[in-house]
Amino acid sequence: MGLIRGKLLLLLIYSLGYTQALLLRNAQSVNFERLMARRALLQNVESNGPQTVLTNEMLKVKFPAQTFPQLLDHDNTSAGTFEQRYWVNAHHYRPGGPVIVIDGGETSGEDRLPFLDTGIAEILAEATHGLGIVLEHRYY
């Protein structure tokens, strides 16, 4: 179903044009404008020589890893702790704004840094003056 919607959106864009297609935005197409901007940037890189595109290494500098001691077993506090890693984007934060937590899933939390930079955490934090956080899975 999602693939069909995506193809229909592209068909609308080609037939109606970019401006009119934006008027038809919904929850599924919130990131459309950023996707188009990224495509334009990548096309510029190919045609106009090197430009700054944030790599994962650059994102690690922009969002340095932080840690806190996390219990191994919350029912047995004597089992010890490990250093739970997390990354924060406070760029748009204002007091009283929400905290948007992205669970890193079963991969390194570093793989989720694009969510803080241009993904859903960035979009929501900007819209709500919130704080974006990526929390890493305990086994990575």
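Since PHE82 meets every condition but one in (1) assigned to a strand (DSSP E or B); (2) within 23 Å of GLU57 (Cβ to Cβ); (3) not aliphatic (A, V, I, L, M), which condition does it not meet?
Status for PHE82: all satisfied but (2).
Given the condition within 21 Å of ASN56 (Cα to Cα) and open to solvent by 50 Å² or more (accessible area, probe 1.4 Å), answer yes or no: does some residue in the range 104-111 qualify? Even if it seems obvious, please write down each step before you answer.
Step one: of the range 104-111, the residues within 21 Å of ASN56 (Cα to Cα) are 104-111.
Narrowing further to those that are open to solvent by 50 Å² or more (accessible area, probe 1.4 Å): 106, 111.
Checked against the condition, which is being within 21 Å of ASN56 (Cα to Cα) and open to solvent by 50 Å² or more (accessible area, probe 1.4 Å), the range 104-111 yields at least one hit.
Looking at ALA121, ALA127, can you tell me which residue is over 30 Å from GLY80 (Cβ atoms), open to solvent by 60 Å² or more (accessible area, probe 1.4 Å) and assigned to a helix (DSSP H, G or I)? Reasoning before the result, please.
Values: ALA121 fails: open to solvent by 60 Å² or more (accessible area, probe 1.4 Å).
The match here is ALA127.
Which members of the range 87-118 meet the condition of being at pLDDT 90 or above, assigned to a loop (DSSP other than H, G, I, E, B) and in contact with a strand residue (DSSP E or B) (Cβ under 6 Å, 6 or more places away or on another chain)?
Of everything in the range 87-118, those that are at pLDDT 90 or above, assigned to a loop (DSSP other than H, G, I, E, B) and in contact with a strand residue (DSSP E or B) (Cβ under 6 Å, 6 or more places away or on another chain) turn out to be ALA90, TYR93.
Mind checking which residues of the range 53-68 are surrounded by fewer than 12 Cβ atoms within 10 Å (Cβ to Cβ) and either within 18 Å of SER108 (Cα to Cα) or hydroxyl-bearing (Ser, Thr, Tyr) (or both)?
THR55, ASN56, GLU57, VAL61, PRO64, THR67, PHE68
Which residue pairs have Cβ atoms under 6 Å apart, sit 6 or more places apart or on different chains, and have a first residue in the range 62-75 that is at negative phi and a second that is among the polar types (S, T, N, Q) and open to solvent by less than 70 Å² (accessible area, probe 1.4 Å)?
Close Cβ pairs (under 6 Å, with a partner that is among the polar types (S, T, N, Q) and open to solvent by less than 70 Å² (accessible area, probe 1.4 Å)) amount to PHE68/GLN84; GLN70/GLN84.
The values are calculated or read from the model by the stated rules, or taken from the named source; none is laboratory data. Since the model is a prediction, treat every value here as computed from it, not as a measurement. Note: ideal-geometry Cβ built from the backbone for every residue, glycine included; neighbour counts use all protein chains shown. To get the accessible areas, we keep the full protein, side chains included, count just its heavy atoms, and leave off ligands, DNA and RNA. Shrake-Rupley method; radii C 1.70, N 1.55, O 1.52, S 1.80 Å.
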